[in-house]
Amino acid sequence: MSAKALRDIFGLELVNFAKKNKKILAISPDLKQATKLSYFFKEFPERSYEVGIAEANAVGIAAGLAMSGFRPVLASFGSFLTGKNVEIRTSIAFNKAPVILVGTHGGLIGQDGPTQAGLQDIAVMRSIPNVKIIQPSTPIEMREVLRFILKSKDIIYLRVSREVTKEFFNDRYKFQMGKINIIKKNFRDAIVITSGSMLQICNEAILKIKNKRIGLANLSSIKPINLDDLKKIVKKTNKIITVEDHTVMGGLGSAVNESLNNIGSNIKILNYGLKDVFTQSGSVKDLYKHYKLDAYAISKVVLNFLQK
């Protein structure tokens, strides 16, 4: 695959799968260009619905179409879409309406500003029953996640980064709900668990640390998490560090904490991510550096945790 942002991969692959499945529909609240639903709108105008700046209305339409036998894909900025949690909870989740909710612009997004950045979206969606949460990390994983969820009847919240990401998988990769994929397998000292665009940043951070056995795990399935996979990890390492471009309250780290509690593990764990803040505007590179989510800062955090 050529170097395209994950949101572009989402839009292009959705078109490919929709050519074989006429039940797939697209709904946009005036953000089809930014979310890359524009590819779908161009290819299938008769299966595309532009509802304007009205996310609550979009959620209601998606729920109705889903309960009528279609597989609607509703895409907006994650911060805007999950802001309609009452409508999602009542119209979609309560009725078990199989809608795919796509929240783009997750994490520190740059010049668009703090209101557009999805930094609390995982926490919101984790709290709603019947909703599963996936955050693909690479182009191949994005394609395989779409292949999986479009065949399912699950309610999905798909968190999509706007960045170009490094590929860690090959064409044999198959997405499995709940699975924790081990990227770096020698992790006696510690393992870093992350997903999305943070996977490549954490990989760079680990490479900066010498003479330590530090693993890397891709947790794209944030809800649910396979507890058997987690049990295997805690048997092989001393410490876990979760890293996310999301608030540490209720996000990926919290999901791992709760899962560790469910298996009765008392392993030492550090949750690293954004604190209780609204972010500033700036370039993506500057923002990750400012909030100490760049590779250099993460390497220092991991090393300090290992030395305690």
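The values are calculated or read from the model by the stated rules, or taken from the named source; none is laboratory data. Given the structure is predicted, the values throughout are model-derived calculations rather than measurements. Ideal geometry is used to build each Cβ from the backbone, glycine not excepted, and the neighbour counts take in all protein chains shown.
For the reader, a short list of remarks on this structure follows.
- Some residue of segment 285-300 being under 23 Å from ARG126 (Cβ atoms), touching a Phe, Trp or Tyr at 6+ places or on another chain (Cβ under 8 Å) and surrounded by fewer than 22 Cβ atoms within 10 Å (Cβ to Cβ): no
- Number of residues in segment 156-175 that are free of Cβ contacts under 8 Å to residues at least 40 places away in the same chain and more than 26 Å from SER79 (Cα to Cα): the value is 6.
- Answer residue from segment 143-167, given it is among the hydrophobic types (A, V, I, L, M, F, W, C) and closer than 17 Å to ASP245 by Cβ and is surrounded by the most Cβ atoms within 10 Å (Cβ to Cβ) among those: VAL160
- Test for ASN57: is it within 15 Å of LEU101 (Cβ to Cβ), modelled with pLDDT of 95 or more, of a type in the set (S, T, N, Q) and in a helix (DSSP H, G or I): yes
- The combined condition, being without any contact (Cβ under 8 Å) to a residue 40 or more places away in the chain and either outside any helix (DSSP H, G or I) or in contact with a Gly (Cβ under 7 Å, 6 or more places away or on another chain) (or both), is fulfilled by GLU87.
- Screening ASP171 with (1) within 25 Å of ILE24 (Cα to Cα); (2) modelled with pLDDT under 95; (3) surrounded by 16 or more Cβ atoms within 10 Å (Cβ to Cβ) gives one miss only, at (3).
- Of residues in segment 121-137 being closer than 11 Å to LYS223 by Cβ and of a type in the set (S, T, N, Q), the one surrounded by the most Cβ atoms within 10 Å (Cβ to Cβ): GLN135
- Counting residues in segment 19-40 that are buried (at least 24 other Cβ atoms within 10 Å of the Cβ), within 19 Å of the chain's Cα centre (by Cα) and outside any helix (DSSP H, G or I) gives one or more.
- ILE225 surrounded by 19 or more Cβ atoms within 10 Å (Cβ to Cβ), assigned to a loop (DSSP other than H, G, I, E, B) and out of contact with any strand residue (DSSP E or B) (no Cβ under 8 Å at 6 or more places or on another chain): yes
Conditions tested, residue by residue: (1) among the charged types (D, E, K, R); (2) closer than 29 Å to THR82 by Cβ.
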| residue | (1), (2) |
| --- | --- |
| VAL192 | no, yes |
| LYS212 | yes, no |
| ALA217 | no, yes |
| ASP229 | yes, yes |
| LYS232 | yes, no |
| MET249 | no, yes |
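- Among the residues of segment 62-80, those identified as in contact with a helix residue (DSSP H, G or I) (Cβ under 6 Å, 6 or more places away or on another chain) and outside any strand (DSSP E or B) are ALA63, GLY78, PHE80.
- Qualifying residues in segment 207-219 (those that are in a loop (DSSP other than H, G, I, E, B) and touching a Ser or Thr at 6+ places or on another chain (Cβ under 9 Å)) - the one nearest to SER137 (Cα to Cα): LEU219
- Members of segment 190-205 found to be touching a helix residue (DSSP H, G or I) at 6+ places or on another chain (Cβ under 7 Å) and not charged (D, E, K, R), listed by number: ALA190, ILE191, VAL192, ILE193, THR194, SER195, ILE201, CYS202, ALA205
- Segment 250-288, subset farther than 12 Å from GLY110 by Cα and basic (Lys, Arg), residue nearest to the chain's Cα centre (by Cα): LYS275
- Members of segment 65-84 that are farther than 22 Å from LEU119 by Cα and either in contact (Cβ under 8 Å) with a residue 12 or more places away in the chain or crowded, with 24+ Cβ neighbours inside 10 Å (or both): LEU65, ALA66, MET67, GLY69, PHE70, ARG71, PRO72
- Of all residues in segment 1-51, those satisfying the criterion of being of a type in the set (A, V, I, L, M, F, W, C), modelled with pLDDT of 95 or more and within 18 Å of VAL164 (Cα to Cα) are ILE9, PHE10, LEU12, LEU14, LEU37.
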